[in-house]
1. For segment A:260-358, please list each of the strands (runs of 3 or more DSSP E) lying entirely inside it that holds at least 2 residues being more than 14 Å from chain B (Cβ to nearest Cβ).
2. From A:Gly416, A:Gly347, A:Gly367, A:Gly362, which residue is surrounded by 20 or more Cβ atoms within 10 Å (Cβ to Cβ), on the phi > 0 side of the Ramachandran plot and not assigned by TED's automatic domain parsing to the domain that holds A:Gly298?
3. Mind checking which residues of segment A:539-549 are outside any loop (DSSP other than H, G, I, E, B) and among the small types (Gly, Ala, Ser)?
4. Sort out which residues of segment A:55-73 are under 27 Å from A:Asn263 (Cβ atoms) and without any contact (Cβ under 8 Å) to a residue 60 or more places away in the chain, and write them in order of number.
5. Only one of B:Gly173, B:Gly159 is away from chain A (no Cβ under 14 Å), under 20 Å from B:Leu230 (Cβ atoms), out of contact with any Gly (no Cβ under 8 Å at 6 or more places or on another chain) and not hydrophobic (A, V, I, L, M, F, W, C). Can you tell me which?
6. Working carefully through the options B:Thr147, B:Thr182, find the one that is among the hydroxyl-bearing types (Ser, Thr, Tyr) and within 14 Å of chain A (Cβ to nearest Cβ).
7. Among the candidates B:Leu386, B:Leu442, which residue alone is in contact (Cβ under 8 Å) with a residue 12 or more places away in the chain, assigned to a strand (DSSP E or B), in contact with a helix residue (DSSP H, G or I) (Cβ under 8 Å, 6 or more places away or on another chain) and not basic (Lys, Arg)?
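The values are calculated or read from the model by the stated rules, or taken from the named source; none is laboratory data. Just so it is clear, the structure is predicted and the values come from calculations on it, not from any experiment. Reconstructed Cβ throughout: ideal geometry from the backbone, glycine too, with neighbour counts over all protein chains shown.
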2 protein chains.
Amino acid sequence: MFDTLISGPAQLFEKHRDMVERAIEAIYSREFYAQYPESPSGKIYGETAAETQMGTFNSQLGAPFTRLKQDFEGWLLAREKSPYTLKELEISYPVLHDVNSIILRAGNALSSWKKTSLEERTGILAESLEQVKSMFYEIAYSTQHTTGQSFVMSFQASGPHANDRALEALALGYEEQKRFPTEVHWEKPMGKFNVVLSKFYKAVPKGISLSIGCSTFPIWNSLPGIYASLVTGNPVIVKPHPTAIYPIALVVSVIQEILVNHNLDPHIIQLACDTPEEPVTMQLCEHPAVKLIDFTGGNSFGNYVESLRGKTTFTEKAGVNSVIIDSCKDLDGMMQNLAFSVSLYSGQMCTCPQNIYIPKTGITANGEHISFEKTAEAFVHAVQTLASNEKMGPGTLGAIQSENTSARVKDIASKGVKILLNSTTVNNPEFPDARTASPLVLEVPVERKDLIEGEYFGPIVFIIPTDSTDHSISLAKNVAIEHGALTCSAYTTHTEIMEKITSEMSEAYTPVSFNLTGPIWVNQSAGFSDFHVSGGNPAGNASFTNPEFVLKRFVWVGIRQNKA
Amino acid sequence: MFDTLISGPAQLFEKHRDMVERAIEAIYSREFYAQYPESPSGKIYGETAAETQMGTFNSQLGAPFTRLKQDFEGWLLAREKSPYTLKELEISYPVLHDVNSIILRAGNALSSWKKTSLEERTGILAESLEQVKSMFYEIAYSTQHTTGQSFVMSFQASGPHANDRALEALALGYEEQKRFPTEVHWEKPMGKFNVVLSKFYKAVPKGISLSIGCSTFPIWNSLPGIYASLVTGNPVIVKPHPTAIYPIALVVSVIQEILVNHNLDPHIIQLACDTPEEPVTMQLCEHPAVKLIDFTGGNSFGNYVESLRGKTTFTEKAGVNSVIIDSCKDLDGMMQNLAFSVSLYSGQMCTCPQNIYIPKTGITANGEHISFEKTAEAFVHAVQTLASNEKMGPGTLGAIQSENTSARVKDIASKGVKILLNSTTVNNPEFPDARTASPLVLEVPVERKDLIEGEYFGPIVFIIPTDSTDHSISLAKNVAIEHGALTCSAYTTHTEIMEKITSEMSEAYTPVSFNLTGPIWVNQSAGFSDFHVSGGNPAGNASFTNPEFVLKRFVWVGIRQNKA
């Protein structure tokens, strides 16, 4: 066997020290930084990687997933189904039949993980990211055929971007645990003599961590919490969404293999699958040994998670994201940017705009007055042009992950408000059976609170005529405070309006992006630079990755010893 | 008027920059550091300060407290009563009659406070600590005659130690808000061109902060939360315990005066008094505008505070602190140290030991076997000697703050367990009417869970015979996990036992002090060095002052702006 050739965890830290230190620098500078290049093209990730991993992906379909090292009592045939082919993936995953068995193993794993030092944990986790890199294409295919994201988006979001976000959490978790000394000499002058103590500071993990995944971003949304919990010494139970297991199972398999190779318990990270018919999530959540819960998903379950006593929770729920249009330099540039934002992955991003506020009196574009109607028209035109563009459309819109989302689009069209643009299917030559829907654009009066105060997940956009830009700001702010928001996109050429929007939306703890045009969209959140979700409004109580996100996973405990 | 002579808030920051920076250094080094010398003797705090301020204290008794700058609609005669003289202080405080009026003013104050920069806030708050210094003696007298602490303890705990803890919170709050840049240039290479954004990071305060004080440490326990909230931009409503208002009112008056002198709203900090008959605390807690709550007090109200939805809470509740005796070098030194710990302020410190675990088979002292009975006897002897020492006793034990505590001592003596030492009154020549009680020492079998698993606040000590040191550790650990603990004091000469205690008590998130003898006690928690309360067990969810304590009071919000 080659086990003896594998370097120990301490060596792994030395191997990756530079990467971790550069990441910490990037977190503090918040300038552009990416450890993992985002492009699937070129040969960055290997000469034949795309092709080889396509083969692996195809041979995984219809087969049991045998790459995990965890104990199991049987196989669960998962309910994963490709939104592109509408065929079941028919992959089975190893399972234990009882939540207590999972918890027991996680509890034992805590003892194993505790024996490692912070440097060893950091080394192991950094190594795992480097190894995950070698399966970015398989991760992309598996993401595409569970979430409905386009291939490029699947590659970027689940591959390099997720790895960067995981590295960010890992590096900040390492940094926070290094901020205070391990041991100090404390000497207090008492006049004629000194009192002398040795003091030791221990970062003690909180306990078993549960990561509850979502169906649309099974890796990107889960990796930060998983790496944050692991680097702070907590074993993690990964409970993926029943329709999107395969992508995260790949990451878990990589970490487990490295653990086993270093004689550590593979159950330091466990995959715990279930089906919609026999869910285990609430049992896991409510188990007293589970102390940390990371959750991405809907408001109802998210609110339940937040309400659990004795748990530290990190949630990302739904929000109602806004666009405030006041004025712009370049009408076409603005509309193309917005059209792309609402079309990207068919509005299934938590950061996607929903409510577009435009004054009834119109806007100013490049010094020219544009009426409300013309502004709305320009937006509709841009959306339509993108969706019907044979080259750009299918790759931008991707497919619809869930039938519920398709149904929601149909349902909302019948709510009695003015339809500015109907949702249609999007022809995808590569996947003729793909479940698709172009954005539905509705003109919604401010009186329709049932619509503008709810999150309508999917390709659904509301154009809302307002009395003025001040009115737009006030609506966007109040909806964010009451119902949450992850993003606000604003267009204005006036400094004082920019300041007002900044000040008002800050009070709703909602980040604002001003005047985006070109290849940068409000949906995007950059690792090492943008805080994803502020944690300050109902859209979620946590943020990728602020210091709280890692600090709340461990407790500082001091030990003092008399040296007299 | 001299207003024009007062420097602006920016100058105040420059004036105190060194103090803040030294404090930050101390927080990171965790070595001994004190900004404010702890001794009331000498002339450190002014040649005639003690005498002058005794005069101020005496003239305040029976009079309205007119030093606040806040709006008021009437005067509330407070229920403060000296545990030393058993006389009411008869001080009235200005009050508003309606909780909404208090909240309204706090809301307006938020806008005023928001106009200041982090440096200005830090400067104002540092200045307030420097000015509070000039009333340390009045603070001491007022603390003594509300809490029952001895004069020296009152001076130290409410004066220099509290100021050091406040400075620690202030400095760490400043530091955390400076960790990320205010503005960055973000430039992402896209191949043929770059995407360029300006990014701004704002630390946005969470909202109105409520500080709920306790009767025994009205300043020490409240100041860190107050300064942490203020430096992060949140206005604070100070709701003191109805029996201990005077000390914290002094601090509030100092801050308000500085605010007014800088044309800021004095309601940035408000005193909100009530009486036990007409309490306002729950109304304040449940008001939707109150976002942050700092609480020190009993479990029942503390659990209520923690259960409130939509609030960020920082609690210090009760714990069952343990002593594990395995072996020692110096039996007398150990027992004198423990006797002092349980006697100091008559066991009314949250850090005071309650459960002393001793193996039935006895311990080893300086290589010699000492039976359980002899060990218990040595402890009882040390307690008795201290309590009956005319010089040391009254100053160490102080007085009993509440009649409930006196009643508890009587009640517990009748619980059917063996009394090793009866509680008696402590003769205090200076205050012959003082409400006093020396420590009651009981031998409690492990079966009496009703006793060993509860916190019996006051001069009550349980000696618990165990099967072995391992058994002692296991009991101390489990009680801490289930019922909370702030401290554990342990005595052992064996390295492996020390390691086991460290490891086991760490799992209960309980700090341990080993082998304390001489003038250093487990009760003590040093600013800039010891984390007071770990936040990891039921004794409380917050810690003086770890990064979470300040971070949870504000939200990072990012603003992006296209530079294309």
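1. Details: elements: A:269-271, A:290-296, A:312-316, A:322-325.
It comes to A:269-271, A:290-296, A:322-325.
2. On the way: A:Gly416 fails: surrounded by 20 or more Cβ atoms within 10 Å (Cβ to Cβ); A:Gly367 fails: surrounded by 20 or more Cβ atoms within 10 Å (Cβ to Cβ); A:Gly362 fails: surrounded by 20 or more Cβ atoms within 10 Å (Cβ to Cβ).
None of the others qualify; the one that does is A:Gly347.
3. As a first pass, look at segment A:539-549 and keep what is outside any loop (DSSP other than H, G, I, E, B): A:540, A:544, A:547-549.
Listed by number, the list holds a single entry, A:Gly540.
4. First pass over segment A:55-73, keeping only residues under 27 Å from A:Asn263 (Cβ atoms): A:64-73.
Within segment A:55-73, A:Pro64, A:Thr66, A:Phe72, A:Glu73 meet the criteria.
5. Values: B:Gly173 fails: away from chain A (no Cβ under 14 Å).
Going through B:Gly173, B:Gly159 in turn, the sole match is B:Gly159.
6. Of B:Thr147, B:Thr182, the one residue that is among the hydroxyl-bearing types (Ser, Thr, Tyr) and within 14 Å of chain A (Cβ to nearest Cβ) is B:Thr182.
7. Values: B:Leu386 fails: assigned to a strand (DSSP E or B).
Answer to the selection: B:Leu442.
Here is a yes/no grid of residues against (1) closer than 23 Å to B:Gly540 by Cβ; (2) surrounded by fewer than 22 Cβ atoms within 10 Å (Cβ to Cβ); (3) in contact with a helix residue (DSSP H, G or I) (Cβ under 8 Å, 6 or more places away or on another chain):
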site: B:Cys214; (1), (2), (3): yes, yes, no
site: B:Pro218; (1), (2), (3): yes, no, yes
site: B:His241; (1), (2), (3): yes, no, no
site: B:Ile248; (1), (2), (3): yes, no, no
site: B:Leu271; (1), (2), (3): no, no, yes
site: B:Pro279; (1), (2), (3): yes, yes, no
site: B:Ala289; (1), (2), (3): no, yes, yes
